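Read through the structure below, which is laid out as structure tokens, and then see the notes.
Since every read-out is calculated from the coordinates, none of them should be taken as a lab result. None of the values given here were measured: they were computed from a predicted structure. Please note: Cβ atoms are built from the backbone with ideal geometry, for glycine as well, and neighbour counts cover all protein chains shown.
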Amino acid sequence: MNEVQKAAVSVSEMARIVGLSRARFYQLLSDGVFPKPKYDDSTNRPYFDEEAQAECIEVKRRNVGINGKVVIFYASRHPLTGQPKRPAKPKAKTKPTSEYTDLIESLSCLGLSATAQQVEAAVAECFPDGIQKLESGEVVRAIFLHLKRQESK
């Protein structure tokens with residue numbers, strides 16, 4: 001609220017200056033707590049001149065509206081002024097670096113999370129001759145069932 005005053009500000013900007021949502025600011029405007037905005041003759045847009053801005057800031061500071069009624073302003077949960085919050089960067093999924101990456105991803109799509117070590121052990125047990133000459137669907141099914149059986153033990 002210690003901003004340099006401009007010659008004129010919009011209703012939205014005035015709401016931001018006093019730390020209120022536009023909806024709450026409009027509600028208090030209609031209740032007579034804040035002064036009514038002036039309207040530009042050519043565009044018919046509402047604005048607050050320097051005097052009205054000072055009144056609004058004073059109302060917020062003193063908790064007494066221009067209508068003389070006491071107004072309680074709750075502390076803002078989300079500061080409306082200040083720096084905008086940066087969205088959190090999504091964490092990159094760590095890709096398994098084993099030869100069974102595709103198999104692990106297929107199992108994950110089926111709702112089964114498995115480590116590279118678990119998959120290696122399951123492949124060695126189910127397919128002692130290797131999985132190179134087999135269809136991927138058969139391998140995924142066999143490994144899925146094997147790991148599910150191990151889970152239930």
The computed P(r) of the stretch 101-148 puts the percent of Cα pairs beyond 18 Å at 14 percent
In the neighborhood of Val59, defined by Cβ-to-Cβ distances under 14 Å, what is the net charge if each Lys or Arg adds +1 and each Asp or Glu adds -1?
-> +2
Can you give the translational diffusion coefficient of the stretch 8-62 in µm²/s, computed by Stokes-Einstein from the Kirkwood radius over Cα pairs at 25 °C and 0.890 mPa s?
-> 221 µm²/s
Kindly state, as a whole number, the per residue volume in cubic angstrom of the convex hull around the alpha carbon atoms of the chain.
-> 240 Å³
Separation between Cα centres of the stretch 23-72 and the stretch 105-126, rounded to whole Å = 65 Å
Determine ³J(HN,Hα), in whole Hz, for all residues of the stretch 36-45 in sequence, where each value follows from phi through the Karplus function 6.51 cos²θ - 1.76 cosθ + 1.60 and θ = phi - 60°; x replaces Gly and Pro.
-> 5, x, 8, 10, 5, 5, 7, 10, 6, 8
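Only Lys, Arg, Asp and Glu count, each charged at its Cβ (+1, +1, -1, -1), so figure out the dipole size of the stretch 1-52 about its Cα centre, rounded to 20 debye.
Working: 7 positive and 8 negative charges, 51 e Å.
Roughly 240 debye, rounded to the nearest 20.
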Let me have the 222 nm mean residue ellipticity of the chain computed from DSSP H runs of 4+ only, each contributing -39500 (n - 2.57), with the sum over all residues rounded to the nearest 500.
-> -13500 deg cm²/dmol
